1. Go through segment 196-224 and report how many residues are among the basic types (Lys, Arg) and free of Cβ contacts under 8 Å to residues at least 40 places away in the same chain.
2. So which residues in segment 244-254 are modelled with pLDDT of 90 or more and under 27 Å from the mean Cα position of the chain (by Cα)?
3. Just to check your reading of the model, which residue among ILE225, ILE237 is at pLDDT 85 or above and either open to solvent by 60 Å² or more (accessible area, probe 1.4 Å) or of a type in the set (S, T, N, Q) (or both)?
4. When you scan segment 98-121, do you find a residue that is more than 18 Å from GLY216 (Cα to Cα), free of Cβ contacts under 8 Å to residues at least 40 places away in the same chain and open to solvent by less than 30 Å² (accessible area, probe 1.4 Å), even just one?
5. With the requirement that a residue be in contact with a Lys or Arg (Cβ under 8 Å, 6 or more places away or on another chain) and among the aliphatic types (A, V, I, L, M), what does segment 234-268 give you?
6. Hey, among GLN56, GLN29, which residue is out of contact with any Cys (no Cβ under 9 Å at 6 or more places or on another chain), open to solvent by 80 Å² or more (accessible area, probe 1.4 Å) and modelled with pLDDT under 75?
7. For PHE114, work out the one condition from (1) in a loop (DSSP other than H, G, I, E, B); (2) at pLDDT 90 or above; (3) not polar (S, T, N, Q) it doesn't fulfil.
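The values are calculated or read from the model by the stated rules, or taken from the named source; none is laboratory data. Note that the coordinates shown come from a computational prediction; the quantities given were computed from them, not determined experimentally. All Cβ positions, glycine included, derive from the backbone under ideal geometry; neighbour counts span all protein chains shown. Side chains are part of the model used for accessible areas, which takes the heavy atoms of the whole protein and leaves out ligands, DNA and RNA. Shrake-Rupley method; radii C 1.70, N 1.55, O 1.52, S 1.80 Å.
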Amino acid sequence: MNILSLVMGLLLIFACTFSLSLHKAMLSQSVEKTVQAHLNVTRKLRNSYESLCYRQLRSGAKENKPKKIHSHREREKQQLNLGCARLNLWPLVVDGIEKHPALYETAAQILCTFYSKHLFPNEQRFEYYLLNALLEAARQANTDPNSSHLIFEKLSLNKTNVKQLYPLQSIYYRMLRGTKTSTQDQSYPSLLDYFALDNKNSRVCLHHASPEMLVGLFGSRAGPIIYTELKKNETPISLERLEDLCKQNGNPALSDEFLKFLDLDSVSHHSSGQKVLVKQDSDVCLKQKVFFPT
């Protein structure tokens, strides 16, 4: 009897040890795959940067002349929402919501378009609560009157008694991070690609806005139509044409205040010696801003 108990005890110990070892091995394998994918993406970014530098050196004096970037062909290839096409929330931070109601409503509409389905599907008007918490956190962080910008990643959103599936800071972290999956129904973008907190008078450049940004601005029907219109040529889109496209696709009349933070005229910008490189491997996607000598 004692021998049987001893054997059963040893078998139980061995089984627990094997189970723990197997679990650790599975976890380490997942971490190893992620690290390897990260290294592969980093290597791709480095190779792309070196290739660009090499082509720049070969082109000689021609590349040293001021040139236009963000062309239609480049925009069509990457479909990124470039820095000039981000919605600047700074006026809401320093002036308040009452002075910029159209900007406030637009920001809430973009948050709802991008994140409501995945992060707060059953919360009514939760995008306003989230935006208010974000703006309040930005006001508390804006302690330097000479500050040129605020960093989204450093903002800490305060908790209240509103019920939600995840804590507010957890939802905000997911918004900052975005998803890496390519499946449209399961993915949502990073907040950092579509919003800015810069101490300057900046407007959303429509010609360099991604299809998703235009959907957030003009709705699911008008947004893709406007993007197609912008891709046709590299001439500024007229206000009359923009209003016609909106009216034809279920978007009500555009208010004067809404039009104030839209840039319809800029088609291309002079090179500032920088470029955003994007590479992906498995579920790891990295974006890196690189600079070139001018």
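1. Adding up the residues that qualify gives 1.
2. Listed by number, the residues that qualify are LEU245, CYS246.
3. Values: ILE237 fails: either open to solvent by 60 Å² or more (accessible area, probe 1.4 Å) or of a type in the set (S, T, N, Q) (or both).
From the options ILE225, ILE237, the qualifying one is ILE225.
4. No.
5. ALA253, LEU262
6. GLN29
7. (1)
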